[in-house]
Structures are given as C-alpha cells and as structure tokens.
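J.: Please read through the structure below; I'll follow up with questions.
The values are calculated or read from the model by the stated rules, or taken from the named source; none is laboratory data. Only a predicted model underlies this, so the values are computations on that prediction, with no experimental measurement involved. Here the Cβ positions follow ideal geometry from the backbone for every residue, glycine too, while neighbour counts run over all protein chains shown.
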Amino acid sequence: MKVDLRINGVSRTADIEPRKTLLDVLRENFLLNGTHAGCEHGVCGACTVLIDGEPVRSCLMFAVQADGYEITTIEGLAPAPGELSVIQDAFCETHGLQCGYCTPGMILSAHALLQRNVTPTREDIVEAISGNICRCTGYGQIIEAVQFAARLRLANTPRQAAQTDKSVAEAK
Amino acid sequence: MKPAPFDYVRPDSLAEACELLAGDDDARVIAGGQTLVPMLAMRLARPARLIDILRLPELAGIREEKGSVVVGATTRQAQAERDPIIRASVPMLARVLPWVGHPPTRNRGTVGGSIANGDPSAEIPLVAVTLSAEIMLAARTGPTSMPAEEFFIGPMVTSIDQGQCVRAIRFPVWPHRRIGVGFFEVSSRRSDFAFVAAAAQVALDEEGRCLDIALGLGGVADRPLRLDMSSLAGTVVDAASAADAINAACADLDAMSDLHASATYRRRVAGVLCLRALEQARDNAAAKPAKGAR
C-alpha cells in the first residue's frame, strides 16, 4: 500500500504492508533509528514520537494510518545537524540518561510538555513521562533534566514582560 | 510482536463502513487502536481485514442535546479530557479521564473504543454504567441504541453484534444546581488497570438533602456495576447511612480473583472506596452555592 508521510517537515512516500507499524517504517524504511523499539506492544514508551505535536506510541499505530499528520521523531528536534535541542542538552548536563534506551521517548514527551507548559511543576513532569519506562530507574535525573530544560528555555526566551518593566521604569 | 498480515480499508462514510462490516465476518473495526494493536502484535487477534473508522466525520465531535451530552465514538480521550462541555455537564467523565492510560495513549485512544472494548476495570465504561448512559450503535440496518447496563456482559464481552459499531455515547446531564462527583481507584502503578474503582455523583437541594445519587463500581465484578443507592434519596447523607446503603448494595457482590488481587481484597476495598467516593461527591456538591448560577 502506498502511503505519503510527513516526517520532520519532509514529505516522504513508501510502499508498505498495512501490518507494518509506524515504528517499523520509521526505522526500516527511513532509517530513523533514533525511535527505539522496546516492548512493541504499547507498554514501555521507547518508541514515542510526536503526531501533530502530541506524544504517541509509534508501535501502536500502523504507518498506513499516519498520513496527513506532522510526525516528529527525535531526529527532528535539534536545530541543525550536530547540534542539540535545549532538552537534549539538559539531559547531558544533568546525567538524565544511563543506557539511553528510553531517552528519545523521554525527550519527546518532555518536549511536548514544555511546548504547552513553560513552567511545569514536578507533578506535571511526572505525569508527562508517566507513559515512559526507564528500566535503569534513573527517573530522578530525568525529572531534573526536564526541570533544567524548562529553566533554560525560559531564560533563553526574549521576554515581553521584561521590556514592559523597562519601559515602565523609563517612564518613571 | 509483529501482527499477522491483514487488509486495511478506510471507508469515507459510516454507511460504507457498516456495509463493509456486515459483509465480512473476519473484519474488525479499528479507531485509536490502543488496545487492538497490542492484541494484533501478540497475535491474540488475527482479523483478515481492519476497517479504520477514526476519520469518519459522522463519529466525531461532542454536542449538547436536550438533557444530555453526546460524545462521538472517535473522540480522543485527550480531547474529551480538555473539552469545556464535558467539564461543565458530565463532570464525572472529566474526573476519570486522567486515570485512563497514559498521556500518549490518551492522545490516540478514543472514548468509543474504550466502550467497545468493555474492559471490566476501565473507567469510561464505569462512568457510562454509573450515569446510565446510552450506547448508540450503527449498523447496515440503521442506527440503534441500548442502555450501558445492558451493553456490558462480561470481561471484554459486549452486546455488540458483528456488523455493528459504536456510533456515540449519550451521557445524561443532571438538571440540578448543586452536583458533585467523587472518584477513587486502586491500581499497582499510576494509570495501570484498576483493581477497584468507585465513581459517585450526588445532587443536593438547598438544605443539603440528597436529590439524586449514582454510585458505580469497576474492576471488581466481570463488568462495571451501578449500585442501588435509592434508599439515600431525600435524606441527608452521612457516613453511617452511606455505609449502610453501600453494605446492602455490595452484599451479594460477585468479585473476581486474579494474580493481582483476591476476591476478598476486592470486596473489602470496594466498600471503602465506595464510601470515599460518595463522601467526596457529597462534599463537592455541598461546596457549590445553594442559590445562584450553577
């Protein structure tokens, strides 16, 4: 079956069997091996990708169902080849990865969270990654990494409020 | 962990989907696929053909209709969780949705899919039975519907016939001003299958007397149950009277026993969670102003 997919902003076409999951097609047809195959039945979250910006398990979706959506994999997060996104950088800084198997899924779940909530509480972060299992049990540093990434993103955002404060100060 | 081969069809209309379903005994409906795909991957299910109804316009959307809220079968659980109509008019559904799976499964999983799957510990079927919702079905012969209590028969077994698919769920909206909901569940990890889940909705009059009351229990029996609390109607519900009514309703409860929890444990926890849910619902209703806007 012929399917048109939009992956990391690029349109791609594949001729695939209906029984192939989005996970298998990303890895085997498009060599996007950053999406990890864990349990392959929807338990572990290692295969998480973003569909229209929301985290979804790519092993629980057939590729033939994925046309018309904007699919983002871990390869699509960094601003340029060889660079890291803020969240990826934060995971390195806080030792948020041990074996690294769950990391792409964790980072994509965290990315979706920070896109809609710039100041998440610890509970928000725990809820957001509740569908991702870290078999090394390194949750402590993963939560720290997301908290650190949230702070970094906030610090790097040009703030309108700051400008308003300044203009108020100037007016005085 | 690879599904066996199957044909995949995505019909353009509900009528076409029903036609395809009626003509093929080996066909199954797929929508969000959050339960069906694992079953296929483990080859516990091997349909010859999957009929994808997820994008059918007839099955989408949430709308208010005289005294009820109709939730289209393919409404994503995540979408329902954020929906202002559901929050305002079916607060029990809004309350339980964060307990349904995890955020990534709620982004794909549908409200109708959870109903059609009929898991005895699932929260959405529990709400449907507790509130006496109506399950609306589609078939080649035309639309039909049935009460949720008749729809669920046993573990993953429903009254749905081959050739039918869930069209929508009609949740009744209580007309009262002061309504509160309560919900508790016990599971081994956050968002895992509930061993016991209890959901309650209470409406109070200006003096705090109970106008209407609904209490449901999931995960205990082979399907969600609505418990008879009619003895509390018209009274001021306190811990003692609630406990008596719950004990009477749970007296001949046929509890399941499995690897995770024995029937004795389930029965015992059921009584405790029912009381907590009922008291939480009553307190939430009492916190609403007796006069003025709802």
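J.: Which numbered condition trips up A:D89, out of (1) out of contact with any strand residue (DSSP E or B) (no Cβ under 9 Å at 6 or more places or on another chain); (2) within 13 Å of another protein chain (Cβ to nearest Cβ); (3) part of a helix (DSSP H, G or I); (4) in contact (Cβ under 8 Å) with a residue 40 or more places away in the chain?
T.: Every listed condition holds for A:D89 apart from (2).
J.: In addition: Taking only the stretch A:37-61 into account, find how many residues are closer than 18 Å to A:I107 by Cα, touching a Leu at 6+ places or on another chain (Cβ under 9 Å) and either facing another protein chain (nearest Cβ under 8 Å) or surrounded by fewer than 21 Cβ atoms within 10 Å (Cβ to Cβ) (or both).
T.: 8
J.: Within the group B:V96, B:V70, B:V100, B:V90, which residue is over 13 Å from the mean Cα position of the chain (by Cα) and among the β-branched types (V, I, T)? I'd like the intermediate steps shown before the answer.
T.: Details: B:V96 fails: over 13 Å from the mean Cα position of the chain (by Cα); B:V100 fails: over 13 Å from the mean Cα position of the chain (by Cα); B:V90 fails: over 13 Å from the mean Cα position of the chain (by Cα).
Selected residue: B:V70, the only one of B:V96, B:V70, B:V100, B:V90 that is over 13 Å from the mean Cα position of the chain (by Cα) and among the β-branched types (V, I, T).
J.: Which condition number does A:G9 fail, the rest of (1) within 21 Å of B:P47 (Cβ to Cβ); (2) more than 12 Å from every other protein chain (Cβ to nearest Cβ); (3) not hydroxyl-bearing (S, T, Y) being met?
T.: Only one criterion in (1) within 21 Å of B:P47 (Cβ to Cβ); (2) more than 12 Å from every other protein chain (Cβ to nearest Cβ); (3) not hydroxyl-bearing (S, T, Y) is unmet by A:G9, namely (1).
J.: Considering each residue of the stretch B:1-43, count those that are assigned to a loop (DSSP other than H, G, I, E, B), free of Cβ contacts under 8 Å to residues at least 24 places away in the same chain and either polar (S, T, N, Q) or within 11 Å of chain A (Cβ to nearest Cβ) (or both), and give that number.
T.: Adding up the residues that qualify gives 1.
One line per residue, one yes/no per condition, for (1) modelled with pLDDT of 95 or more; (2) surrounded by fewer than 22 Cβ atoms within 10 Å (Cβ to Cβ); (3) assigned by TED's automatic domain parsing to the domain that holds A:G38; (4) under 15 Å from the mean Cα position of the chain (by Cα):
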{"site": "A:P104", "(1), (2), (3), (4)": "yes, no, no, yes"}
{"site": "A:T121", "(1), (2), (3), (4)": "yes, yes, no, no"}
{"site": "A:A149", "(1), (2), (3), (4)": "yes, no, no, yes"}
{"site": "A:S167", "(1), (2), (3), (4)": "no, yes, no, no"}
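J.: To continue, here is another question. Inside the stretch A:137-146, can you point out the residues that are at pLDDT 95 or above and under 19 Å from A:H36 (Cβ atoms)? Break it down stepwise before answering.
T.: Residues of the stretch A:137-146 that are at pLDDT 95 or above, as a first pass: A:139-146.
A:Y139, A:Q141, A:I142, A:A145, A:V146, listed by residue number.
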